[in-house]
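K.L.:
There's a structure below that I have some questions on.
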Amino acid sequence: MSCLIIADHTYFNGEQLSRVDIAWLPLLYRSHLIEKHSKIDFLAQYPKVKAWQKAILSLGIAEKSVSSDFEQVFTDFYLSTSYLAK
């Protein structure tokens, strides 16, 4: 059902950002960072979810919701010591 909603709208429930979008923001942002730094795209097979991710991240709210060094800390920890680093 969520794919139908996402397919028809920019955000999960329509054209306005909702609580559902905000709830998924951490996961969508972290998957973006993993793709950016490791070239592993967990959402590659889900183009509608990928478009939803792009729409949400284009707002710039993900970066404002974490510390200024979050990307560096996240990649240093998760992408240097996990299977994603290989």
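K.L.:
Order these by the 10 Å Cβ neighbour count, fewest first: Ser38, Ser68. Mind showing how you got there, number by number?
P.N.:
On the way: Ser38 16, Ser68 8.
Taking fewest neighbouring Cβ atoms as first place, the list is Ser68, Ser38.
K.L.:
Moving on. At 0.36 nm per residue, and after removing the present C-alpha to C-alpha distance, how many nm does the segment from Ala23 to Tyr46 gain when stretched out fully? Numbers along the way, then the final one.
P.N.:
Working: separation 23, 0.36 × 23 = 8.28 nm, distance 1.87 nm.
Gain on stretching Ala23 to Tyr46: 6.4 nm.
K.L.:
Hand me the trypsin sites (Lys or Arg not before Pro) from segment 9-40 located in a DSSP loop with no more than 11 other Cβ atoms within 10 Å, in residue order please.
P.N.:
Filter output for segment 9-40: Lys39.
K.L.:
In addition: Using the count of nearby Cβ atoms within 10 Å as a rough guide to exposure, how do Leu79, Leu27 rank from fewest to most?
P.N.:
Leu27, Leu79
K.L.:
What is the order of Glu63, Glu71, fewest Cβ neighbours within 10 Å to most?
P.N.:
On the way: Glu63 13, Glu71 18.
Lowest to highest Cβ neighbour count: Glu63, Glu71.
K.L.:
Show me, bin by bin at 5 Å from 0, the whole-percent P(r) of segment 2-85 based on Cα pairs.
P.N.:
With 5 Å bins starting at 0, P(r) equals 3, 14, 25, 23, 17, 11, 6, 1.
K.L.:
Ok, one more. Relative contact order for segment 2-85 using alpha-carbon pairs under 8 Å, separation at least 6, rounded to a whole percent? All intermediate terms of the calculation are to be shown ahead of the outcome.
P.N.:
Numbers: 62 pairs, mean separation 24.3, N = 84.
It rounds to 29 percent for segment 2-85.
K.L.:
Within the set of other residues whose C-beta is less than 13 Å from the C-beta of Phe42, count the net charge using Lys and Arg as +1 and Asp and Glu as -1.
P.N.:
Numbers: positive: Arg30, Lys36, Lys39, Lys50; negative: Glu35, Asp41.
Every neighbour counted, the sum reads +2.
Since every read-out is calculated from the coordinates, none of them should be taken as a lab result. Everything quoted here is computed from the prediction, not taken from an experiment. All Cβ positions, glycine included, derive from the backbone under ideal geometry; neighbour counts span all protein chains shown.
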